[in-house]
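Beneath this line is the structure, given in structure tokens, with notes to follow.
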Amino acid sequence: MPNKYKAIFFDLDHTLWDFETNSAEALRELHHAYELRHKGVSIEDFLITFKRINTELWHLYDTGQIPQETIRTQRFHRILLEHNVDEYEMSLQFSKDYVSVSPKKKNLLPHAKEILGYLHPHYPMHIITNGFSEIQAIKMKSSGILHYFTSVVTSEKAGHKKPAKEIFEFALTENGLQPHEVVMIGDNLITDISGAKNVGLDTVFYNPLKIKHEATVDFEIEALIELRNIL
């Protein structure tokens, strides 16, 4: 098995980069800076509302129902409206600050750096992400993992977003790879696993929350360190 693959594709957010922790840190700082407590918005409620609305908007984006710009311009306005704060211009500035502060956070998911160090001498590794191009390199540089990767393929760069087969085909072509030579590792059954399977890649479903599912995957892990048993 170790010699089967010539390269590895990784998702970034929720697979390597600890989106939940990094996002919460940034939101706490901005909640304080914008004095939202004085507007009647507790940090606990704010974090809960952010998680729900952010998840909803990214699902709509991933499934092609809204453009990326809607996330930038509407996300925090919708969150604040739920707390009876109707200040659109402030929400836009909050959004800009969040996009600036959050990617600089350094938290990785457990064993991420350890497993990348283990894999790096043996495989070229590539990031495949639907995240905004301008902030992915910041995330990877801030968290100290950029040097492990040969390329970073974003939906903006490829002109298509996961789970579309075109983004995977773009990454394969760019790096002179055939589908059977690559394994895709990600946490999302739709964008990462289904998308990769549609183009003929083997898949590793990273499932730390032990979510029950009926999807077809080649491998499933609960911790990144388990990749040592596969690769």
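The values are calculated or read from the model by the stated rules, or taken from the named source; none is laboratory data. None of the values given here were measured: they were computed from a predicted structure. Backbone-built Cβ (ideal geometry, glycine too); neighbour counts: all protein chains shown.
Being assigned to a loop (DSSP other than H, G, I, E, B) and of a type in the set (A, V, I, L, M) is the filter here, so list the residues in the range 73-96 that pass it.
Filtering the range 73-96 down to residues assigned to a loop (DSSP other than H, G, I, E, B) leaves 82-87.
Of everything in the range 73-96, just one residue is assigned to a loop (DSSP other than H, G, I, E, B) and of a type in the set (A, V, I, L, M), namely VAL85.
Of the residues that make up the range 132-140, is at least one touching a residue at least 12 places away in the same chain (Cβ under 8 Å), outside any loop (DSSP other than H, G, I, E, B) and more than 29 Å from THR70 (Cβ to Cβ)?
Here is the first cut: in the range 132-140, the residues touching a residue at least 12 places away in the same chain (Cβ under 8 Å) are 132-133, 135-140.
Remaining after also requiring outside any loop (DSSP other than H, G, I, E, B): 133, 135-140.
Pick out the ones that are also more than 29 Å from THR70 (Cβ to Cβ) and you get none.
No, every residue in the range 132-140 fails to be touching a residue at least 12 places away in the same chain (Cβ under 8 Å), outside any loop (DSSP other than H, G, I, E, B) and more than 29 Å from THR70 (Cβ to Cβ).
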Inset, instruction - Quick one: which residue in GLN65, GLN74 is more than 30 Å from ALA7 (Cα to Cα), free of Cβ contacts under 8 Å to residues at least 12 places away in the same chain, not assigned by TED's automatic domain parsing to the domain that holds GLU134 and not aromatic (Phe, Trp, Tyr)? - result: GLN65
Inset, instruction - For the range 70-84, state whether one or more residues are surrounded by 15 or more Cβ atoms within 10 Å (Cβ to Cβ) and touching a strand residue (DSSP E or B) at 6+ places or on another chain (Cβ under 6 Å). - result: no
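With LEU30, LEU60 as the choices, which residue is hydrophobic (A, V, I, L, M, F, W, C), surrounded by 13 or more Cβ atoms within 10 Å (Cβ to Cβ), at pLDDT 95 or above and not in a loop (DSSP other than H, G, I, E, B)?
Working: LEU60 fails: at pLDDT 95 or above.
From the options LEU30, LEU60, the qualifying one is LEU30.
I'd like to know if the range 149-165 contains one or more residues that are out of contact with any helix residue (DSSP H, G or I) (no Cβ under 9 Å at 6 or more places or on another chain) and either of a type outside the set (Val, Ile, Thr) or within 15 Å of ASP11 (Cα to Cα) (or both). So that I can check it myself, show each step before the final result.
So in the range 149-165, the residues out of contact with any helix residue (DSSP H, G or I) (no Cβ under 9 Å at 6 or more places or on another chain) come out as 150.
Those left that are additionally either of a type outside the set (Val, Ile, Thr) or within 15 Å of ASP11 (Cα to Cα) (or both): 150.
Yes.
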Legend entry - Where a residue in the range 38-57 is within 16 Å of VAL85 (Cα to Cα) and its partner, wherever it lies, is acidic (Asp, Glu), with Cβ under 7 Å and at least six apart: THR49/GLU82
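Filter the range 97-118 down to the residues that are part of a helix (DSSP H, G or I) and either crowded, with 18+ Cβ neighbours inside 10 Å or without any contact (Cβ under 8 Å) to a residue 24 or more places away in the chain (or both) and list them by number. Spell out the reasoning first.
Of the residues in the range 97-118, the ones part of a helix (DSSP H, G or I) are 97-104, 112-118.
Matches in the range 97-118: TYR98, SER100, SER102, PRO103, ALA112, ILE115, LEU116.
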